[in-house]
Amino acid sequence: MKRALSLLALLLVLLAAAAGWYVYSKQPSRQGQVQLQHLEGSVTVRYDERGIPHVRAGNEIDLYRALGYVQAQDRLFQMEIMRRLSRGELAEVLGPKLLDTDKLFRSLRIRERAESYVAALDKESAAWKALQAYLDGINQYQDTHAAPIEFDVLGIAKRPFTAQDSVSVAGYMAYSFAAAFRTEPLLTYVRDQLGNDYLNIFDLDWQPKGVLAQQHSSAPVLSNADWQDLNAIARLSQQALAEHGLPQLEGSNAWVVAGSRTKSGKPLLAGDPHIRFSTPSVWYEAQLSAPGFELYGHYQALVPFAFLGHNLDFGWSLTMFQNDDLDLIAEKVNPDNANQVWYHGKWVDLINSEHQIAVKGQAPVTLTLRQSPHGPIINDVLGASAGKTPIAMWWAFLDTQNPILEGFYQLNRADTLAKARAASAKVQAPGLNIVWANAKGDIGWWAAAQLPKRPAGVKPGFILDGSSNQADKDGFYPFSANPQEENPARGYIVSANFQPLSPTGLEIPGYYNLADRGQQLNLQLSDKNFKWDLDNTQALQLGTTTGYGQRLLAPLLPVLREVVSDPQERQWLDQLSAWKGDYPLESTSATLFNQFLFNLADGALHDELGDSFFDTLLSTRVIDAALPRLAANPDSVWWDNRDTLGKESRADVVKAAWHASIAHLKTTLGADATQWQWGKAHTLTHGHPLGTQKPLERIFNVGPFEAPGSHEVPNNLSAKIGPAPWPVTYGPSTRRIIDFADPAHGLTINPIGQSGVPFDAHYQDQAEAYIEGVYHQAHFSEEEVSANTRSTLKLLPAH
């Protein structure tokens with residue numbers, strides 16, 4: 001028995017040692033010396049206490065090769081999974097459940113656009129040479145090191161990363177902006193199947209009436225099968241973006257204050273792009289230094305140029321423009337030839353192509369895709385079950401030159417207004433707001449996108465008629481017509497995804513956020529007697545108050561006072577009436593309002609839309625505008641329940657929503673309402689692509705954490721409208737503040753950690769600080785980088 005126990009103990013020790021060695025073999029190497037091919041000179045990489053690399057090289061090409069190498073150490077799996085998603089190759093490693101997602105991304109034609117994009121690039125440009133060096137650094141790391149744990153779990157074979165992969169990832173990011181996929185089918189369904197009276201709550205009174213079914217007698221009329229198609233595509237689009245632990249760009253805050261309005265007398269820049277939370281987080285921080293170039297930047301997977309950055313002379317942040325750069329177009333099919341559609345007065349052949357999709361554990365699947373003169377046919381992803389009407393997609397990412405890599409290469413070096421403006425003009429898709437400042441005192445903002453010239457009167461918020469000229473594009477407007485400001489007299493600029501105004505009065509269709517978040521920021525920034533610094537800017541960035549809740553409740557509180565009679569419930573209603581629209585962790589009114597918001601939407605809208613379209617509505621931005629308008633209109637047609645014989649009023653729906661809210665909160669959070677605290681119901685878990693499977697979530701996911709804030713407050717930790725509890729889906733992907741009186745001491749934070757390698761010290765070392773609103777100082781000067789260096793890696797030329 002003793003011998004057997006001894007052998008068992010030895011076996012357990014050996015297994016533990018093997019597991020420890022296995023995990024150790026996957027960890028980044030942040031000290032010592034490594035030889036790299038193609039380096040001209042040695043490169044020094046110093047890592048600080050947060051695992052941020054400070055990279056110093058003798059020239060730019062060595063600098064970017066080193067960046068690729070060190071970023072691959074921390075983020076190789078992120079690079080792999082991002083390129084697979086964008087190129088429709090997930091099923092090969094994740095199995096048949098990802099086949100529909102792959103079909104969707106193949107239908108977007110990102111792969112083909114990446115090929116043509118790369119073929120057209122100037123191979124002698126500095127940006128191209130930098131990209132090639134960066135990719136070479138990634139590939140050298142991959143070729144010489146053990147594969148990440150995720151590669152072993154999923155059976156991923158190593159293969160080189162290419163420029164086409166980088167462009168494909170940019171295409172995914174552009175697509176993640178495109179709310180049209182979810183919104184246009186929904187709005188067209190409401191208009192054509194329910195009627196124009198139902199459109200009023202969406203603030204679309206200026207939209208044309210019945211384009212597909214009414215305006216053109218020869219236009220295609222969508223059948224029930226077509227509507228099922230469109231909603232299936234809308235839901236597939238949302239699932240592809242939401243369910244795989246990958247970043248999706250959602251919104252953002254950015255503002256810049258001129259020196260006349262700051263305590264230091266120099267511009268102050270703040271920014272926090274709102275992106276779906278994931279593990280690892282979207283941004284990779286690094287300081288790059290070479291003769292003539294210095295930048296502290298935030299980088300995305302497979303892109304060597306910082307999308308956010310600053311140095312001692314200038315800096316910038318981004319928000320999403322949210323212009324509508326994607327049109328859905330219903331094609332009219334030749335009844336005698338299913339492969340022809342009516343285009344400019346004649347029948348035109350569709351272009352067909354076959355694609356092979358590898359599927360783990362199964363034979364490859366053949367996908368036949370078609371393309372009309374308007375663009376790819378997107379409902380081909382549904383195969384034989386698709387309806388009879390082909391739906392084409394026009395997308396600016398496919399139809400613009402879009403020198404976005406060159407644009408960001410130049411923006412990384414833009415120390416004057418003129419240079420920043422010229423760089424911004426090269427960003428054409430996706431649309432981005434670039435908010436910029438320099439130490440000389442200039443501030444600026446450019447809405448960067450190439451805006452298409454659509455025919456007069458066409459409103460692309462609905463599906464367009466391909467048999468008419470509605471979907472035609474007569475070129476693009478000049479960059480000077482884009483919304484923009486430089487050194488405005490008011491002394492500040494705020495960008496928060498609300499609809500911007502063109503200097504020419506140009507109408508710019510888009511899926512913009514409500515003005516509430518921007519108004520909350522503007523309210524404080526517009527106070528001329530207030531001087532801004534790092535401390536009060538942090539408080540503004542972490543704000544949890546919005547006017548949205550009070551605005552929605554104002555017309556409903558008198559109704560609630562009429563229908564709520566229980567004394568305890570009257571007390572809760574009084575608390576809700578006094579609520580200031582804020583979302584701290586301890587608030588119970590925030591919890592009650594959020595639950596009531598869902599039950600109100602469910603009671604008023606669900607019966608008309610059905611399960612699928614109602615769920616789609618909750619994933620769009622138009623729901624935010626719809627609910628306050630609905631609440632304010634007692635005569636809205638939405639109040640009546642189509643499933644009953646009687647006619648329901650606003651009071652009936654409000655009463656039912658209130659009682660349903662109370663019942664759900666008691667069931668979910670307990671009968672004691674003092675325990676309905678926002679932080680207990682509103683939590684953040686950073687999900688990893690493998691964290692959807694038990695028990696892997698214990699290894700790969702980070703959280704949960706009680707989360708303050710909410711949708712459309714400055715600290716925009718957002719959850720989908722729905723019943724409690726509310727898992728946070730997106731929010732500030734970093735928080736940055738730079739005072740250009742002292743830009744070497746800018747503030748930053750990562751939502752979880754710099755590293756994407758499980759069990760690494762920097763995998764989740766910032767997660768608690770982030771949710772608590774803590775900022776870290778970015779080390780910039782040589783003295784501070786040296787003082788805070790924890791380890792040094794030397795990259796040497798291979799001989």
(request) Quick one: in region 65-101, of everything that is of a type in the set (S, T, N, Q) and at pLDDT 95 or above, which residue is farthest from the chain's Cα centre (by Cα)? (result) Q73
(message) Take L288 and tell me if it is modelled with pLDDT under 95, touching a Phe, Trp or Tyr at 6+ places or on another chain (Cβ under 9 Å) and closer than 30 Å to A447 by Cβ.
(response) no
(message) Based on this model, can you work out whether A414 counts as assigned to a loop (DSSP other than H, G, I, E, B), aliphatic (A, V, I, L, M) and in contact with a helix residue (DSSP H, G or I) (Cβ under 7 Å, 6 or more places away or on another chain)?
(response) yes
(message) Looking only at region 434-481, filter to residues that are of a type in the set (A, V, I, L, M, F, W, C) and in contact with a Pro (Cβ under 6 Å, 6 or more places away or on another chain); which one of those is nearest to D739 (Cα to Cα)?
(response) A437
(message) What's the number of the only condition in (1) within 26 Å of R83 (Cα to Cα); (2) at pLDDT 70 or above that E243 fails to meet?
(response) (2)
(request) Could you grab me the full set of residues in region 631-681 that are within 14 Å of P555 (Cβ to Cβ), not in a helix (DSSP H, G or I) and not small (G, A, S)? (result) N633, P634, D635
(request) Would you mind stating whether D62 is assigned to a helix (DSSP H, G or I), within 27 Å of the chain's Cα centre (by Cα) and buried (at least 22 other Cβ atoms within 10 Å of the Cβ)? (result) no
(request) Kindly indicate whether Q207 is modelled with pLDDT under 75 and either in contact with a Leu (Cβ under 7 Å, 6 or more places away or on another chain) or closer than 19 Å to L326 by Cβ (or both). (result) yes
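One line per residue, one yes/no per condition, for (1) surrounded by 19 or more Cβ atoms within 10 Å (Cβ to Cβ); (2) among the small types (G, A, S); (3) touching a residue at least 40 places away in the same chain (Cβ under 8 Å):
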residue	(1), (2), (3)
G510	yes, yes, yes
D535	no, no, no
R551	no, no, yes
K580	no, no, no
L592	yes, no, yes
D607	no, no, no
(request) Kindly check whether there is at least one residue in region 352-361 that is of a type in the set (A, V, I, L, M), under 30 Å from A448 (Cα atoms) and either crowded, with 16+ Cβ neighbours inside 10 Å or assigned by TED's automatic domain parsing to the domain that holds Q484 (or both). (result) no
(request) From (1) in contact (Cβ under 8 Å) with a residue 12 or more places away in the chain; (2) under 25 Å from S353 (Cα atoms), pick out the condition that doesn't hold for Q78. (result) (2)
(message) The conditions are (1) more than 19 Å from I52 (Cβ to Cβ); (2) surrounded by fewer than 24 Cβ atoms within 10 Å (Cβ to Cβ); (3) among the acidic types (D, E), and E294 fails exactly one of them. Which is it?
(response) (1)
(message) With the structure loaded, tell me whether R421 is over 25 Å from the mean Cα position of the chain (by Cα) and basic (K, R) or whether it fails that test.
(response) no
(request) Give A423, A414 a once-over and let me know the one that is within 15 Å of Q484 (Cα to Cα) and in the same structural domain as A163 (by TED's automatic domain parsing). (result) A423
(request) Please note which helices (runs of 4 or more DSSP H) are completely contained in region 122-197 and include at least 3 residues that are assigned by TED's automatic domain parsing to the domain that holds E112 and among the aromatic types (F, W, Y). (result) 126-144, 163-177
(request) Look at Q524 and say whether it is out of contact with any helix residue (DSSP H, G or I) (no Cβ under 9 Å at 6 or more places or on another chain) and in the same structural domain as E250 (by TED's automatic domain parsing). (result) no
(message) With more than 30 Å from L747 (Cβ to Cβ) and hydroxyl-bearing (S, T, Y) as the only criterion, which of Y69, Y24, Y64, Y47 stands out?
(response) Y24
(request) Give A601, A631 a once-over and let me know the one that is buried (at least 21 other Cβ atoms within 10 Å of the Cβ) and either within 27 Å of the chain's Cα centre (by Cα) or in the same structural domain as A234 (by TED's automatic domain parsing) (or both). (result) A601
(message) Every residue in region 443-460 that is surrounded by fewer than 21 Cβ atoms within 10 Å (Cβ to Cβ) and charged (D, E, K, R), please.
(response) K453, K459
(request) Kindly indicate whether S612 is within 33 Å of the chain's Cα centre (by Cα) and at pLDDT below 95. (result) yes
(message) I'd like the full set of residues that are surrounded by fewer than 16 Cβ atoms within 10 Å (Cβ to Cβ) and closer than 13 Å to A767 by Cβ, limited to region 693-718.
(response) P704
(request) Can you give me the number of residues within region 121-142 that are surrounded by fewer than 22 Cβ atoms within 10 Å (Cβ to Cβ), among the polar types (S, T, N, Q) and touching a Phe, Trp or Tyr at 6+ places or on another chain (Cβ under 7 Å)? (result) 1
(message) Could you go through region 525-547 and let me know if any residue there is part of a helix (DSSP H, G or I) and closer than 26 Å to A632 by Cα.
(response) no
(request) State which residue pairs qualify: first residue among the acidic types (D, E) and inside region 432-452, second residue assigned to a strand (DSSP E or B) in any location, beta carbons under 9 Å apart, and separation of 6 or more residues or different chains. (result) D442/F314; D442/W436; D442/E486
(request) Please report, ordered by residue number, the strands (runs of 3 or more DSSP E) entirely within region 312-408 with at least 2 residues that are under 22 Å from Y172 (Cβ atoms). (result) 314-320, 326-330, 351-357, 365-372, 391-395
(request) Go through region 489-523 and give me each residue that's at pLDDT below 95 and either among the aromatic types (F, W, Y) or outside any loop (DSSP other than H, G, I, E, B) (or both). (result) F498, G510, Y511, Y512, D516, R517, G518, Q519, Q520, L521, N522, L523
(request) State which residue pairs qualify: first residue assigned to a helix (DSSP H, G or I) and inside region 98-112, second residue buried (at least 23 other Cβ atoms within 10 Å of the Cβ) and of a type in the set (S, T, N, Q) in any location, beta carbons under 7 Å apart, and separation of 6 or more residues or different chains. (result) L104/S237; F105/S86; I110/S86; I110/S168; R111/S168
(request) From the list T734, T685, pick out the single residue that is in contact with an Asp or Glu (Cβ under 9 Å, 6 or more places away or on another chain), modelled with pLDDT of 95 or more and under 28 Å from T44 (Cα atoms). (result) T734
(message) Residues that are within 22 Å of V381 (Cα to Cα) and either outside any helix (DSSP H, G or I) or at pLDDT 75 or above (or both): does region 247-255 have at least one?
(response) yes
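The values are calculated or read from the model by the stated rules, or taken from the named source; none is laboratory data. Please read all numbers here as calculations on a predicted model, not as lab measurements. In this analysis, Cβ positions are derived from the backbone assuming ideal geometry, glycine residues included, and neighbour counts consider all displayed protein chains.
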